[in-house]
Amino acid sequence: MAVLSTAVPSRAVLAMNAAELAALIAAVFWALLVCVGVFVLFRLARFLSESSRLVSDLRERGDVLLARAQTAVDGAQAAVDRAGRQLDHAESVTASMDELGTGMNELAGQVTALAGLGRAIASGPVGRAGALAYGVRHAVSLRRPGRRTLPGQVVERGELTGAGAGSGSRGRRPR
């Protein structure tokens, strides 16, 4: 409490004891601490609102990125499925080509056997008898009256070396 001195009537002096002075200093520091706390709380509120806005923006972008990534993964899976189907088709074509190769090998063996049989027949006694029969038949047909030449067209000597060779008639007689 304040004590007024009677010695100096024009001036009023306030006197404080140490406890009152400590309480005053504590109150001033407490007020400063409250002001700093309020300032920090305002800044923290602003920081939290900005960070929540940033997080919501990132979440929206993340959703878009996840949708794009899912689309890319789906496209890749579709490509893998198509490749698998094409491999299955290629395997079936390969299997059919193997069957065709086996069939061709069997056919080649049969053709070889038939060719050997034909050579054996043509070069053996049966082939010689056939050649003889053909020659006899041809000779008899040449001896019969009416037909004296082989079937076909007769080419005259001048047609082969003369003017008819380059005329584009290809060896045919003009009619």
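Could we say that Leu66 is hydrophobic (A, V, I, L, M, F, W, C), at pLDDT 90 or above and over 20 Å from the mean Cα position of the chain (by Cα) here? Walk me through it before giving the result.
On the way: hydrophobic (A, V, I, L, M, F, W, C): yes; at pLDDT 90 or above: yes; over 20 Å from the mean Cα position of the chain (by Cα): yes.
Yes, satisfied.
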Discussion item. Checking Pro145 against (1) surrounded by 10 or more Cβ atoms within 10 Å (Cβ to Cβ); (2) of a type outside the set (D, E, K, R); (3) out of contact with any helix residue (DSSP H, G or I) (no Cβ under 7 Å at 6 or more places or on another chain): exactly one of these is not met. Which one?
Written reply: (1)
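The values are calculated or read from the model by the stated rules, or taken from the named source; none is laboratory data. Treat the numbers as computed from the prediction; the structure is a model and nothing was measured. Reconstructed Cβ throughout: ideal geometry from the backbone, glycine too, with neighbour counts over all protein chains shown.
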